[in-house]
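Here the structure is laid out as structure tokens; the discussion comes afterwards.
The values are calculated or read from the model by the stated rules, or taken from the named source; none is laboratory data. Since the model is a prediction, treat every value here as computed from it, not as a measurement. No Cβ is skipped: glycine too gets one built from the backbone with ideal geometry, and neighbour counts run over all protein chains shown.
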Amino acid sequence: MGFDFPGKEWVTTYIPLASSIALALYVVWDARRPKVGLVNPDIQKDQQKVVHSIDVEDIGEKLSICRCWRSKTFPLCDGVHKVHNRETGDNVGPLRLKRRDVA
Ligand code: FES
């Protein structure tokens, strides 16, 4: 049915299929590639600025604050900076806050 021409299957099948595969591969590649130039690759990207507050009174004996921006418990460190460092050659780690022993 419809207009028929030589190579029609290329236009109607193979080119759209190849384009869809290429697009899917690009989406996967783009999601996995390091976001060069971004300090924050994923956290609260819908916000203009990411700000957290922790009351000093709420800190127990110690607390580790994430500085790699990859923690799933951000702003708290979950240790994933080790993976980031291994994959990128970076050397980031948390800011550790601890109470001084008061006698
Ligand atoms: S997870 Fe980010 S500094 Fe530890």
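If the condition is being assigned to a helix (DSSP H, G or I) and either over 13 Å from the mean Cα position of the chain (by Cα) or not β-branched (V, I, T) (or both), then the range 65-86 contributes H81, K82, H84, N85, R86. Scanning the range 61-86 for residues that are more than 7 Å from the ligand (Cβ to nearest atom) and either touching a strand residue (DSSP E or B) at 6+ places or on another chain (Cβ under 7 Å) or touching a residue at least 24 places away in the same chain (Cβ under 8 Å) (or both) yields E61, K62, L63, I65, F74, P75, L76.
Being assigned to a loop (DSSP other than H, G, I, E, B), without any contact (Cβ under 8 Å) to a residue 12 or more places away in the chain and more than 16 Å from the ligand (Cβ to nearest atom) is a property that does not hold for D30.
Of all residues in the range 60-95, those that are of a type in the set (S, T, Y) and over 22 Å from V50 (Cα atoms) total 1. The set of residues in the range 87-103 being modelled with pLDDT of 95 or more and either in a helix (DSSP H, G or I) or small (G, A, S) (or both) consists of G93 alone.
In the range 38-66, the qualifying residues are those that are basic (K, R) and over 21 Å from G79 (Cα atoms), and the one that is surrounded by the fewest Cβ atoms within 10 Å (Cβ to Cβ) is K49.
Condition check ((1) of a type in the set (K, R); (2) farther than 26 Å from E87 by Cβ) across all residues:
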residue	(1), (2)
W10	no, yes
I15	no, yes
R33	yes, no
K45	yes, no
V50	no, no
I54	no, yes
E61	no, yes
